[in-house]
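Read through the structure below, which is laid out as structure tokens, and then see the notes.
The values are calculated or read from the model by the stated rules, or taken from the named source; none is laboratory data. Please read all numbers here as calculations on a predicted model, not as lab measurements. Heads up, the Cβs are rebuilt from the backbone with ideal geometry, glycines too, and the neighbour counts pull from every protein chain shown. Keep in mind that these areas ignore ligands, DNA and RNA; they rest on the heavy atoms of the full protein, side chains included. Shrake-Rupley method; radii C 1.70, N 1.55, O 1.52, S 1.80 Å.
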Amino acid sequence: MTRPVISFEFFPPKTQEGIAKLRETRQQLTQWQPKFFSVTFGAGGSTRDRTMETVLEIQGEGHEAAPHISCISSSKEEIRQLLQNYRTKGIRRLVALRGDIPSGEVSAGDFRYANELVSFIRRETGDWFEIEVAAYPEFHPEAVSASADLQRFKAKVDAGANAAITQYFYNPDAYFQFMHQCETLGINVPIVPGIMPIYNFTQLSRFSSVCGADIPRWLRLRLQDYGDDMASLRAFGADVVTDLCEQLLAGGAPGLHFYTLNQAGIISSILQRLSLPKVAD
Ligand SMILES: Cc1cc2nc3c(=O)[nH]c(=O)nc-3n(C[C@H](O)[C@H](O)[C@H](O)COP(=O)(O)OP(=O)(O)OC[C@H]3O[C@@H](n4cnc5c(N)ncnc54)[C@H](O)[C@@H]3O)c2cc1C
């Protein structure tokens, strides 16, 4: 069996305590031999320095680190500087995004969509970076239609993306259907499912209402039943997510990308149960 590619996503911590906790989380997750750790980028560049610092710390520990870059509200010159900076530091992988449109009066910047960012990165830096982009098996909340969203995804791949990571979902059929449609359109880059462990129902509902990821009715109602009993909710959530991962891998998903929220415990218990072969197998 080929070992699925595992990767973990972090957000850049704000405090010394958060930095120390993330180091511990990373240490625990290293046992799963991830291909890379990625670090998110706040809308409009709000975490630019912290993303860079976190990425460099991960790289300094000997792991591959992939910064996310979002282009909305940025100028070409700002993105050019950022790319140069990462290139100088030896970073070889990026997660290239449009980013969520910031609220309030903010300049639109030089880029409207992620495909423009991918083209710009290729124009400026050739093949230096492996570029990952976002994919939406349940479709992006602003998409005018499912088919238009697929065409937009194709445009990012055609612009030079090497691979994609999906928004999270709990219905494996959404992923398999999406993969089938991608195949029909001739999109043949690896599309790795993004996996969101279930930590907290209120938080998950909030995320889902913003990003358009569906929490199926049966799951929502079961999670609601746990109320404040977080230990039982997490145990049940880990069962659900383990089952999802098993179905995805059995159905041919090339890997799993975990949205860690900077925590290792639930993810380790999920991965333990998946019994993945060692890297050398
Ligand atoms: C794996 C992953 C990681 C993420 N990391 C971050 C992060 O670090 N920081 C952050 O701020 N956000 C992050 N996000 C969220 C992401 O920025 C939002 O979902 C954002 O709203 C869309 O970004 P995108 O790159 O998918 O945009 P795009 O691919 O540009 O798509 C955005 C919308 O525009 C439509 N569209 C695309 N091109 C065109 C066009 N030419 N004409 C008309 N419509 C078009 C698409 O159909 C879609 O509805 C992440 C999402 C994922 C899945």
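Compute the longest continuous run of the chain that contains no exposed GluC sites (Glu not before Pro); treat a site as exposed when its DSSP state is not H, G, I, E or B and it has at most 14 other Cβ atoms within 10 Å.
Values: sites that count: Glu61, Glu105, Glu142.
So the longest stretch without any such site is 143-281.
Counting only aspartates and glutamates at least 8 places from Lys76 when in the same chain, those with an alpha carbon closer than 12 Å to its own are Asp110, Glu116, Glu124. Placing a pseudo-label 7 Å from each Cα along the Cα-to-Cβ vector at Asp173 and Arg123 gives an inter-label distance of 4.3 nm.
Which trypsin sites (Lys or Arg not before Pro) does the range 85-180 hold that lie in a coil by DSSP with at most 12 other beta carbons within 10 Å?
Numbers: sites: Arg87, Lys89, Arg92, Arg93, Arg98, Arg112, Arg122, Arg123, Arg152, Lys154, Lys156; in loops: Lys89, Arg92, Arg98, Arg112.
Filter output for the range 85-180: Arg112.
So which helices of the chain fit the span-like rule, where a helix is a whole DSSP H run, its Cα atoms reach 27 Å or more along the axis, and its mean Kyte-Doolittle is at least -0.5?
Values: long enough: 230-250 (29 Å, 0.84).
Helices passing the filter in the chain: 230-250.
Straight-distance candidates among the lysines for linking to Lys21, with alpha-carbon spacing under 24 Å and chain neighbours fewer than 8 residues away dropped: Lys35.
In whole percent, and with a 1.4 Å probe on the protein chains, what portion of the accessible area of the range 1-147 is carbon and sulfur?
On the way: 3500 of 7310 Å².
Reported share for carbon and sulfur atoms: 48 percent.
What trypsin sites (Lys or Arg not before Pro) does the range 1-61 have in DSSP loop regions with at most 13 other beta carbons within 10 Å? Filter output for the range 1-61: Lys14. Rolling a 1.4 angstrom probe over the protein heavy atoms with all chains in place gives the range 177-281 an accessible area of 49 Å² per residue. Running Debye on the chain with equal point scatterers at the Cα sites and no solvent, what base-10 log of I(q)/I(0) appears at q = 0.07, 0.08, 0.09, 0.10 Å⁻¹? Listed by q, the Debye log ratios stand at -0.24, -0.32, -0.41, -0.52.
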